[in-house]
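The values are calculated or read from the model by the stated rules, or taken from the named source; none is laboratory data. These numbers were taken from a predicted model, which means no experiment stands behind them. Positions of Cβ are backbone-derived with ideal geometry, glycine not excepted, and every protein chain shown enters the neighbour counts.
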Amino acid sequence: MSKTVILAINSKYIHSSLAVWQLAESISQYSRIQHSVEVIETSINQDDDEIISQIVAHKPDIIGISTYIWNASKLLNIIKNLHNQLPEAVLVLGGPEASFNAEYWIDNGANFVICGEGEESFPMLIDALEAGVSPECVPGLHWRESGKICINAEAEPPDSFIDPFTETMLAALKGKIAYIETSRGCPFRCAFCLSGDSEVRFLPLYAAKEQIRKLSRADVRIIKFVDRTFNCDTKRAYELFKYVIETGEGNHFHFEVSADLFDDVTLSLLEAAPPGMIQLEAGLQSFFKPALKASHRQANLQKAIKNIRTILSGGNIHIHLDLIAGLPYETLSDFQDSFDQAYEIGGHKLQLGFLKMLHGSALRRNEKSIIFSQAPPYEIECSPWMSASDLKALKQIEGALQSTYNKGHFLSAIKYTLSATRMRPSHFYYALGVAVQKNGMPLDVYAERVYDFCVSLRCVSKDALIDCMICDWLGMVKGTNMPYFLKIADKSQLNLAREKAEMALGRKVRRREVAILSCGKSVFVDSDDLDLVTGLYRIY
């Protein structure tokens, strides 16, 4: 009996891998020969030697590795050392990074690369290796024989999806982010994406509900749907949203959606979801029409904005908006306009991403004027529309945005500053990013730097800014001392404020939960009342 190890190298320890468990279960269902299978999940933050030693300890005959842009650079050294320490072992690579760049990986140590979906091909390959027969019938397989690259016919999409949620997998998920897949493919043709214009295949509703039920009862931090556009089938999405709302109490679910596809019935349903249960990630990407057209991006932006605002008005759903910097034809000025329009919508997070020229994407094949890094994740370096200095400026915006708005930090202080100065959000975050770079700086020190920056701007009142930052600090940090520059009152004032807070809340209040504003009013935080949507504590 051969021994197979299937390796995942996740981008963070808290992440899990869906693919490796799907492959493990596919072996038990499709292999005609019995195999011993072990799944190993690691992260890119682990030393290569540590990962290698985990694999070597199992003495595998076959090693399957799931490849993505976040682990590709790390794999070269791991593959080399695995060959040195396990010279008889066969290395099989799959996943998007290998599927669209098979010859490179074969040249760099992979014995086989499975292109496309591997649930049927991987069991066929390990059966062939165990039986000592040629793998020429394994769909989607690339390998070298007699110095020549051999390429088998593409694999047909499997008729059904593997249910990976075995007791072993569910136990391994403890405390992590769990992923679930209820559809594959995407009906849209976005040129920067690998899923563009592919037939959408759906897991039957009964099977999707059963998998959701299993995960809802597991010890997981959040359940993320990896469906590329979860609501591309509106009626089906409604049924699954309804099932989640009715049965998923106590869990958090994350969906990637196209906001313009929501109908009134679904919007009404989402309004009934418990606070914090549902998170929606809506990819706007850009508001610049030539960039959207060049990227084959199809969306009704006005309807998307209307629907997002409707959902936000309910106050029960966390919304994450996405933009991509570096799309064709969009200049720095154009992107700043897109940023400002997206920011004005008022989502809870605004992700400023940078164009990745992925292997297999239409943009990488067809747009030769964009210069990008040749190492993963193949991020844009410059283009005829975005210079390197333009992109550097956007990195400054991204850094400031990530350290403040996207963490729920200093929100009222920033809102006040933008109102007082009438600065465009893109200009404000650029200036903040240049002036203050957090880079591991303690939060209290960073708070003071943000204050110093904001108070230096025209029309900003020192007292008004301090009052905003006091409230922000109480709401965003639980049980942490106020930075010294925000402390206004003497001990007697604070004691009186605590008494009032305790009377209002009906319980003891810690000193750190009370402050005095510059106007003389007291302010306190209810540290037992966390908003599950914003992640902030309630302020009185």
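With a requirement of 3 or more residues that are buried (at least 17 other Cβ atoms within 10 Å of the Cβ) and of a type outside the set (Phe, Trp, Tyr), the strands (runs of 3 or more DSSP E) lying completely within the stretch 34-144 that satisfy it span 36-43, 62-66, 90-94. When only residues in the stretch 311-334 that are of a type in the set (A, V, I, L, M, F, W, C) and without any contact (Cβ under 8 Å) to a residue 60 or more places away in the chain count, which is farthest from SER389 (Cα to Cα)? It comes out as ILE311. Restricting the search to strands (runs of 3 or more DSSP E) fully inside the stretch 190-272 and requiring at least 3 residues that are within 22 Å of the chain's Cα centre (by Cα) and crowded, with 19+ Cβ neighbours inside 10 Å gives 220-225, 253-257. For PRO328, the test of being touching an Asp or Glu at 6+ places or on another chain (Cβ under 8 Å), under 27 Å from LEU75 (Cβ atoms) and buried (at least 19 other Cβ atoms within 10 Å of the Cβ) is failed.
Name every residue in the stretch 176-189 that is part of a loop (DSSP other than H, G, I, E, B) and either outside the structural domain of GLY250 (by TED's automatic domain parsing) or at pLDDT 95 or above (or both), in order of residue number. Listed by number, the residues that qualify are GLU181, THR182. Given the structure, is GLU502 surrounded by 16 or more Cβ atoms within 10 Å (Cβ to Cβ) and of a type in the set (D, E, K, R)? Against the criterion (surrounded by 16 or more Cβ atoms within 10 Å (Cβ to Cβ) and of a type in the set (D, E, K, R)), GLU502 does not qualify. Looking at the stretch 302-309, is at least one residue of a type in the set (Lys, Arg), in a helix (DSSP H, G or I) and either touching a strand residue (DSSP E or B) at 6+ places or on another chain (Cβ under 6 Å) or touching a residue at least 24 places away in the same chain (Cβ under 8 Å) (or both)? Looking for residues that are of a type in the set (Lys, Arg), in a helix (DSSP H, G or I) and either touching a strand residue (DSSP E or B) at 6+ places or on another chain (Cβ under 6 Å) or touching a residue at least 24 places away in the same chain (Cβ under 8 Å) (or both), one finds at least one in the stretch 302-309, hence yes.
Whenever a residue of the stretch 148-159 is part of a strand (DSSP E or B), its partners that are not hydrophobic (A, V, I, L, M, F, W, C), lying with C-beta atoms within less than 8 angstrom and at least six residues away or across chains, give the pairs ILE149/GLU103; ILE149/HIS142; CYS150/GLU136; CYS150/HIS142; CYS150/ARG144; ILE151/HIS142.
Selection of the stretch 24-33 for residues being exposed (fewer than 12 other Cβ atoms within 10 Å of the Cβ) and under 25 Å from LYS176 (Cα atoms) yields an empty set.
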